Each structure stands twice: as C-alpha cells, then as structure tokens.
Amino acid sequence: MSQVRIAIVVLLVLVLALVLPSAEAHDAGTFSIIVRDDGIVPETASFQYNDTALWIDVGEDDNLTHRIVYDGDGDGLYNGTYDWDSGTLQNECESDENGTKLDEECQTSFRVSFNSTFGTGTYYYQDLLS
C-alpha cells in the first residue's frame, strides 16, 4: 500500500508542476531610440523591469534642439515624480582637443531606467522641438 501512496504523491507533484504558473526571468536590455530632425523612431515603446531606454539625437540641423518629455501624472508639466524631461538635446557637443566637452550641460542623449519608479508598460513620450 505504501507504493500506491508514493505513486499518487509523485503523480500529484507532476500534475501540480504542469498546472502552476512558472516564473520567467527577463534579461536587462538597452533600447536605442533615434531622435532625428523629422521625428523619433520608434514613437512609442513598451518596456519591462530592468530595461533602459536611450534616446540619441542624430539630427543634422545645428539650429534644432530636442526635449524628450513624458507626462506620467497628466498635469501638463514635466516636473513630477513620474514625469521625464531630458532637458535640451543637441546633435553634437563641442569639445577640446582631448575630447572634453566645452559646455558641461550639453547633452546628445537621454537615459531612463525602468525599475521601481518607472515600471513595465507602453510609454507615449514626446519630442518638443525648439
């Protein structure tokens, strides 16, 4: 009789292993989003935890700057806890002969990490041109 019980327990464990949901791991990824003079590619993106989005200004118009913004709280401003504001992005930053930026505030890219503050989902960000 003990063999029957062992067989039932083994069968029950196998059935539970098949029925219960399994956990999946997601490797962290960095996604490049291209900022051009005529727009952003892609215009929206879906992210998972541990992903990083990197917006890179590759535009050719030296008189055009970009600001990548996201209004997470819907108040029309980009200064809240769940908002993003890249500040002004340039297509290039002037540097000296050693490669050091002459203007420390000049940025050609913007990075957002999706962790405990910015979770999984689809984000509808905007490019404010100036």
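Bear in mind these aren't lab numbers, they're just calculated from the coordinates by the rules spelled out. All figures in this text were calculated on a predicted structure; none of them were measured in a lab. Note that each Cβ is placed from the backbone with ideal geometry, even for glycine, and that neighbours are counted across all protein chains shown.
Things to note:
- Close amide-amide hydrogen proximity is noted between Asn50 and Phe114, Asn115, each under 5 Å apart and 5 or more residues distant or on a separate chain (H modeled in the peptide plane; Pro and chain starts excluded).
- Sequence-distant residues sharing a close amide H with Gly87 (under 5 Å, placed H): Ile68
- In order along region 88-96, phi translates into HN-Hα couplings of 6, 9, 9, 7, 7, 10, 5, 9, 7 Hz, rounded to whole numbers, per the Karplus curve 6.51 cos²θ - 1.76 cosθ + 1.60 with θ = phi - 60° and x for Gly and Pro.
- Distance between modelled label sites at Asp75 and Thr117, nm, 7 Å Cα→Cβ extension: 1.5 nm
- Region 32-39 - phi-based ³J(HN,Hα) in whole Hz, Karplus 6.51/-1.76/1.60, Gly and Pro as x: 8, 10, 8, 9, 10, 4, 9, x
- Shape call, region 24-129: gyration tensor on alpha carbons, a/c limit 1.5: prolate
- Amide H contacts under 5 Å for Ile33, placed H, 5+ residues apart: Leu54, Trp55, Ile56
- Using a cutoff of 8 angstrom between alpha carbon atoms and counting only pairs six or more residues apart, the relative contact order for region 24-129 works out to 33 percent.
- You can think of it this way: the chain between Asn63 and Glu104 has 12.9 nm of extra reach, that is 0.36 nm per residue less the Cα-Cα gap.
- Net charge dipole, region 24-129: roughly 440 debye, given to the nearest 20, about the Cα centre with Cβ charges of +1 for Lys and Arg and -1 for Asp and Glu.
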